[in-house]
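Notes follow once the structure below has been shown.
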Amino acid sequence: MKVIVLGGDGFCGWPTSLKLAKEGHDVTIVDNLSRRAIDLELSSGSLTNIASIRDRIKVANEKVGKIDFHNIDIAKDFAGLRNLIAEVKPDSIIQFAEQRAAPYSMIGDTERRYTVDNNIVGTHNVCSAIVEVDPSIHLIHLGTMGVYGYSKEFGKIPEGYLDIEIKSTAQDTQILYPANPGSVYHMTKCLDQLIFQFYHKNWGLKVTDLHQGIVWGVETAETKLDPVLVNRFDYDGVYGTVLNRFISQAANDVPLTVYGIGGQERAFIHIADSARCLQLAVENPPADGERVRIFNQVSEVQSVKGLAQILADQTGAKVQFVDNPRKELAENELEVANDGLRSLGFEPVLLNTDLIEDVKFIGNETKHNFDKANVLSSPKW
Ligand code: NAD
Ligand code: USQ
């Protein structure tokens, strides 16, 4: 199949592009390299030494499969995006290209507006370009578990739609799960959902929205094929996500930074599983006329202090409880359905398996890039 991967130079997009190419799909990456620019802006960066996009593409074509690259800002260059879609004629488009860090979106006015402008306009441009060029193209969007808020208020979190009873008519129905974002970034993912509902209702746009949990790990079978293909790995207080931060901290003898009392439960998925789920979504599009399809792309639920304990047990790392810079529940219970992707063949890799390997890899390969000043760099909100 032909697949356009928007945001294909990023942490999830790069290994997904490699995986799809390895499986024989014809991949076109679109990226404006804004994430690399933010590395410079924040004076932090990937712990792994990521190659230039030019070198990545060259080696990927030699060792993995067919991958092409176009530098387009999908939020600012609508014509460029539309023309590329018309030229490539993809079966699917994967939309990773959004500003994805909650802390970054909460730094201040500039970052709040950038996150909204970039994410909402970019995602809307993709929908609009698809209906201009060919409404049968399957759009696969990366949403987030954060659209639901992380509570058990309505029981186990379903896949996008909540069963409800309307009291006045005693009617049973389903509604889009009530949005409950915890940051401007998460709010943009809630707004994306409304764009998809309308484009589906009016033009029959075929959409799969994947509400992904926190992605952890760094390497996949394909990124390991050559050092130039290595994936990025964020560890700082703005872009680093909790388990990867703990892995980098354990590898560098820094106490694990549990925010608050660590009672926050979140859903997790390994980077190789994330790429595998994208492959499943590409190869199994929704049926004609099916409503916006929503899957929870998660493997398991863990609490933050539980994760810290697993790493402490495996590596001897110390744990420190620091003031939580975020406005969020100090503790919550979370239970999440993931039947949709499982029904397509997803068999999750659970935590313990790769954890120690990742600590070793990060410890051996990246110590020279680890800067302690970037560990507690989150903004407060
Ligand atoms: P990332 O920042 O590493 O990658 C995003 C890529 O998109 C970057 O390469 C960036 O340069 C590009 N991009 C951003 N705006 C663009 C624009 N306007 N035009 C073209 N390219 C643009 O992020 P990631 O971790 O790979 O996340 C990818 C997607 O998955 C995001 O939408 C994110 O919300 C979602 N997601 C990520 C995680 C996670 O834990 N990393 C979890 C759940 C969901
Ligand atoms: N946390 C710590 N210590 C740290 C870092 C974080 O205790 O050093 C806590 C946070 O307070 C939070 C939890 O860990 O309770 C998760 O934080 P995170 O930074 O790992 O994840 P989050 O900000 O939610 O965002 C990440 C991705 C985002 C994606 C989201 C999926 O950056 O793109 O949408 O995970 S989810 O969390 O399921 O909504």
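If you go through the range 133-151 one residue at a time, do you hit one that is more than 18 Å from the chain's Cα centre (by Cα), within 15 Å of ligand 2 (Cβ to nearest atom) and surrounded by fewer than 19 Cβ atoms within 10 Å (Cβ to Cβ)? Yes, the range 133-151 contains at least one residue that is more than 18 Å from the chain's Cα centre (by Cα), within 15 Å of ligand 2 (Cβ to nearest atom) and surrounded by fewer than 19 Cβ atoms within 10 Å (Cβ to Cβ).
Listed here are the residues, each with its yes/no results for (1) among the basic types (K, R); (2) within 16 Å of ligand 2 (Cβ to nearest atom); (3) assigned to a strand (DSSP E or B); (4) under 23 Å from V30 (Cα atoms).
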residue	(1), (2), (3), (4)
D117	no, no, no, yes
V126	no, no, no, yes
I164	no, no, yes, no
K189	yes, yes, no, yes
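Here the condition is being surrounded by fewer than 23 Cβ atoms within 10 Å (Cβ to Cβ) and farther than 23 Å from V147 by Cα; of T220, T241, T257, it holds for T257 alone.
Check whether at least one residue in the range 351-361 is surrounded by fewer than 18 Cβ atoms within 10 Å (Cβ to Cβ) and under 25 Å from F295 (Cβ atoms), and report yes or no. Yes, there is a match, as at least one residue in the range 351-361 is surrounded by fewer than 18 Cβ atoms within 10 Å (Cβ to Cβ) and under 25 Å from F295 (Cβ atoms). Within the range 31-53, the set of residues being out of contact with any helix residue (DSSP H, G or I) (no Cβ under 9 Å at 6 or more places or on another chain) and either touching a residue at least 24 places away in the same chain (Cβ under 8 Å) or within 12 Å of ligand 1 (Cβ to nearest atom) (or both) comprises N32, R35, A37, D39. For P325, indicate whether it is under 29 Å from S151 (Cβ atoms), modelled with pLDDT under 95 and part of a loop (DSSP other than H, G, I, E, B). In short, no. Taken residue by residue, the range 76-85 has no member that is crowded, with 24+ Cβ neighbours inside 10 Å and closer than 20 Å to V230 by Cβ. Scan the range 61-73 and report the pairs whose first residue is closer than 20 Å to A86 by Cβ and whose second residue is of a type in the set (D, E) and assigned to a loop (DSSP other than H, G, I, E, B), with Cβ atoms within less than 7 Å and a gap of 6+ or a chain change. Final answer for the pair search is N71/D31.
Here is a yes/no grid of residues against (1) within 28 Å of I107 (Cα to Cα); (2) open to solvent by 30 Å² or more (accessible area, probe 1.4 Å):
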{"site": "D288", "(1), (2)": "no, yes"}
{"site": "I294", "(1), (2)": "no, no"}
{"site": "V298", "(1), (2)": "yes, no"}
{"site": "Q309", "(1), (2)": "no, yes"}
{"site": "A312", "(1), (2)": "no, no"}
{"site": "D323", "(1), (2)": "yes, yes"}
{"site": "A330", "(1), (2)": "yes, yes"}
{"site": "A337", "(1), (2)": "no, no"}
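Determine whether N32 is touching an Asp or Glu at 6+ places or on another chain (Cβ under 6 Å) and not in a helix (DSSP H, G or I). Against the criterion (touching an Asp or Glu at 6+ places or on another chain (Cβ under 6 Å) and not in a helix (DSSP H, G or I)), N32 qualifies. If you go through the range 19-33 one residue at a time, how many are surrounded by fewer than 18 Cβ atoms within 10 Å (Cβ to Cβ) and more than 12 Å from M1 (Cβ to Cβ)? Looking only at that region, the number is 1.
Residues in the range 112-132 that are in contact with a strand residue (DSSP E or B) (Cβ under 9 Å, 6 or more places away or on another chain), within 12 Å of ligand 1 (Cβ to nearest atom) and not polar (S, T, N, Q): G122, V126. Name the single residue that is farthest from ligand 1 (Cβ to nearest atom) among those in the range 191-222 being more than 19 Å from C277 (Cα to Cα) and assigned to a loop (DSSP other than H, G, I, E, B). The extreme case among them is G204.
The values are calculated or read from the model by the stated rules, or taken from the named source; none is laboratory data. Please read all numbers here as calculations on a predicted model, not as lab measurements. All Cβ positions, even for glycine, are placed from backbone atoms using ideal geometry, and neighbour counts span all protein chains on display. For the accessible areas, the whole protein counts, side chains as well, though only heavy atoms, and no ligand, DNA or RNA atoms are used. Shrake-Rupley method; radii C 1.70, N 1.55, O 1.52, S 1.80 Å.
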